Amino acid sequence: QAEDGIRDYKVTGVQTCALPIWAWGRSIETGRPAVDRGVRLDDAMLKIRRQVIQELMCRFAVDFTDLGVDAPEVFVNECPHLQAMEDDGLLKLSRNGVEVTDWGRWLIRVVAAVFDPDTAAEGSGSTP
């Protein structure tokens with residue numbers, strides 16, 4: 001699989017196979033869009049959640065003010081989970097931001113999952 005994929009070293013420092021080159025080339029040759037799957041995202045709250053998750057996964061921090069969001073008001077259900085993670089030493093909370101600690105970086109997917117509406121209901125292991 002390594003030979004037929006595009007590697008991205010810049011995002012996480014880990015090699016990831018983002019798109020099979022042969023499928024992309026075939027799509028271009030046949031005049032089809034060169035995407036595996038497309039999703040239209042019209043829900044404004046899902047767009048915000050996506051940005052929050054991306055910031056956490058890529059930068060280990062998010063400033064909700066930069067996103068135009070008052071986190072304690074918008075993420076009411078998430079706040080107890082974040083507080084439990086802060087109590088566990090995984091992150092530091094500020095008035096309108098989250099910064100993941102060195103320990104929390106090992107569990108960044110768990111931290112980010114707090115903001116994912118599809119996985120938030122499953123629990124993260126930390127209970128408020």
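The values are calculated or read from the model by the stated rules, or taken from the named source; none is laboratory data. None of these values were measured; they are calculated from a predicted model. Reconstructed Cβ throughout: ideal geometry from the backbone, glycine too, with neighbour counts over all protein chains shown. Note: accessible area is taken over every heavy atom of the protein model, side chains too, but ligands, DNA and RNA are not part of it. Shrake-Rupley method; radii C 1.70, N 1.55, O 1.52, S 1.80 Å.
Restricting the first member to segment 62-73 and to residues that are touching a residue at least 40 places away in the same chain (Cβ under 8 Å) and over 15 Å from residue 93 (Cα atoms), and the second to residues that are of a type in the set (Phe, Trp, Tyr) and open to solvent by 70 Å² or more (accessible area, probe 1.4 Å), no beta-carbon pair is closer than 7 Å while six or more apart or on different chains. In segment 68-121, what residues are under 14 Å from residue 51 (Cβ atoms), open to solvent by 40 Å² or more (accessible area, probe 1.4 Å) and of a type in the set (A, V, I, L, M)? Within segment 68-121, 74 is the sole residue that qualifies.
Any chance segment 3-22 includes a residue that's modelled with pLDDT of 90 or more, among the acidic types (Asp, Glu) and open to solvent by less than 100 Å² (accessible area, probe 1.4 Å)? No, the conditions are met nowhere in segment 3-22.
When residues in segment 24-37 are screened for being over 22 Å from residue 54 (Cβ atoms), of a type outside the set (Asp, Glu) and either modelled with pLDDT under 75 or open to solvent by 90 Å² or more (accessible area, probe 1.4 Å) (or both), 6 of them pass. Of note, residue 48 does not satisfy the criterion of being surrounded by 14 or more Cβ atoms within 10 Å (Cβ to Cβ), touching an Asp or Glu at 6+ places or on another chain (Cβ under 7 Å) and at pLDDT 70 or above.
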